[in-house]
Amino acid sequence: MYARIKIKDTVRVPPSKLGENLEEVIRSLLWEQFEGRIDREYGMVIGIENIEEIGEGRIIEGDGAVYFDVVFGAICFKPNLQEIVEGEVVEVVEFGAFVSIGPFDALLHMSQITDDFMVFDEKNKRFVGKETKKTLQEGDFVRARIVSISLKEREPEKSRIGLTMRQPWLGALKWIEEEIEKLSKEKGVNP
């Protein structure tokens, strides 16, 4: 999910910044250029860690800026298909729940919450299992599997991640704890 990577890119330093500390200027420009950027290869850049190398500057005719090849370390968040994630339910709506995983809010469609039929309780903004009476609401922590990913480089706000909890040992963490206690009592073991 989270990874440290090295990126090599070119940074344009405008003429107004040339008298300042070069490394600080380049660091600032890297943050502006990369923070929150999505790339299919390395996911979303969360932050710039360090600058490892600043190459010789180049001037392009007609542009007063100087261009530097830079190698730097970055922290990225890249969700992977079938990965198990944990997150907090941050919003419950009629068709499902949004779960905060890293910098993204992933959709847990109501059909993917559990095998039980889930009913939306609009007044209390929660889902309730028809037979099990299990509830899912804002603030609950869940364990889920990523089943779909659509990262949009040009329009990050349109990126989508889909989740499921319809598998053993996935679900609201409170449900999993209850299941462990139940199994422990059946076997006569303390959890």
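For region 37-51, does any single residue satisfy the condition of being under 30 Å from LYS130 (Cα atoms) and not in a strand (DSSP E or B)?
no
Show the residue pairs meeting these rules: Cβ distance below 7 Å; 6+ apart or different chains; first residue within region 1-20 and more than 30 Å from ASN80 (Cβ to Cβ); second residue at pLDDT below 90 and exposed (fewer than 12 other Cβ atoms within 10 Å of the Cβ).
Cβ pairs passing all conditions: PRO15/GLY64.
Search region 147-178 for residues being of a type in the set (D, E, K, R) and modelled with pLDDT of 90 or more, and hand back the single one that is nearest to the chain's Cα centre (by Cα).
ARG160
Examine region 104-111 for a residue that is under 21 Å from LYS174 (Cβ atoms), touching a Ser or Thr at 6+ places or on another chain (Cβ under 6 Å) and not in a strand (DSSP E or B), and state whether such a residue exists.
No - not one qualifying residue is present in region 104-111.
Does region 105-116 contain at least one residue that is surrounded by 15 or more Cβ atoms within 10 Å (Cβ to Cβ) and more than 16 Å from ARG166 (Cβ to Cβ)?
Yes, region 105-116 contains at least one residue that is surrounded by 15 or more Cβ atoms within 10 Å (Cβ to Cβ) and more than 16 Å from ARG166 (Cβ to Cβ).
Buried (at least 20 other Cβ atoms within 10 Å of the Cβ) and modelled with pLDDT of 95 or more: is that true of VAL92 in this structure?
yes
Which is within 28 Å of PHE141 (Cα to Cα) and of a type in the set (Val, Ile, Thr), of ILE38, ILE60, ILE26?
One residue alone meets the criteria, ILE38.
Just to check your reading of the model, which residue among PHE72, PHE127, PHE68, PHE98 is of a type in the set (Phe, Trp, Tyr), crowded, with 16+ Cβ neighbours inside 10 Å and under 21 Å from the mean Cα position of the chain (by Cα)?
Answer to the selection: PHE98.
The values are calculated or read from the model by the stated rules, or taken from the named source; none is laboratory data. None of the values given here were measured: they were computed from a predicted structure. Quick reminder, even Gly has a Cβ in these numbers, built from the backbone with ideal geometry, and neighbours come from all protein chains shown.
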